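Beneath this line is the structure, given in structure tokens, with notes to follow.
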Amino acid sequence: MIKHIVCFKLNDSSEEQKQAAKDILMSMNGNVPQIRSIEVGTDFLCSPRSYDVILQVTLDDRAALDAYQQDPYHCDVVKTYMHKNAASSVALDYNL
């Protein structure tokens, strides 16, 4: 199993924009077949070093991660939205 984590710092970190990002990320559930589990959270502390939104996805293996990265829904809908609305992001992928 692989855990794929991405933290996003949004251009607009209002509660409305954090919720919109959470909703679009959660929309992968059921639309991206490689995903075994998904969690999305929004930051409430709002410290200078905080990121606004976190995505955590569990996938079966490296092949599933590679397929996830090329999935049409993930690329065309989710990545397009997040790239437009995120100032920066950091990612981590690791084996469970």
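The values are calculated or read from the model by the stated rules, or taken from the named source; none is laboratory data. The structure displayed is predicted, hence computed values, not measured ones. Methodologically, a virtual Cβ is constructed for each residue, glycine included, from the backbone with ideal geometry; neighbour enumeration extends over all protein chains shown. SASA here: full protein model, heavy atoms, side chains in, ligands and nucleic acids out. Shrake-Rupley method; radii C 1.70, N 1.55, O 1.52, S 1.80 Å.
A few comments on the model shown:
- Within the accessible area of the chain (1.4 Å probe), percent carbon and sulfur: 52
- With the simple model of a label 7 Å out from the Cα in the direction of the Cβ, MET1 to HIS83 spans 3.1 nm.
- The stretch 4-96 - percent relative contact order, Cα under 8 Å, separation 6 or more: 45
- Nearest 10 degrees, 0 to 90: helix 15-26 Cα axis against the chain principal axis: 0
- Peptides ranked, highest mean first, by Cβ atoms within 10 Å: ranges 23-31, 45-53: 23-31, 45-53
- Solvent-accessible area per residue, Å², over the stretch 5-62 with all protein chains present [probe radius 1.4 Å]: 56
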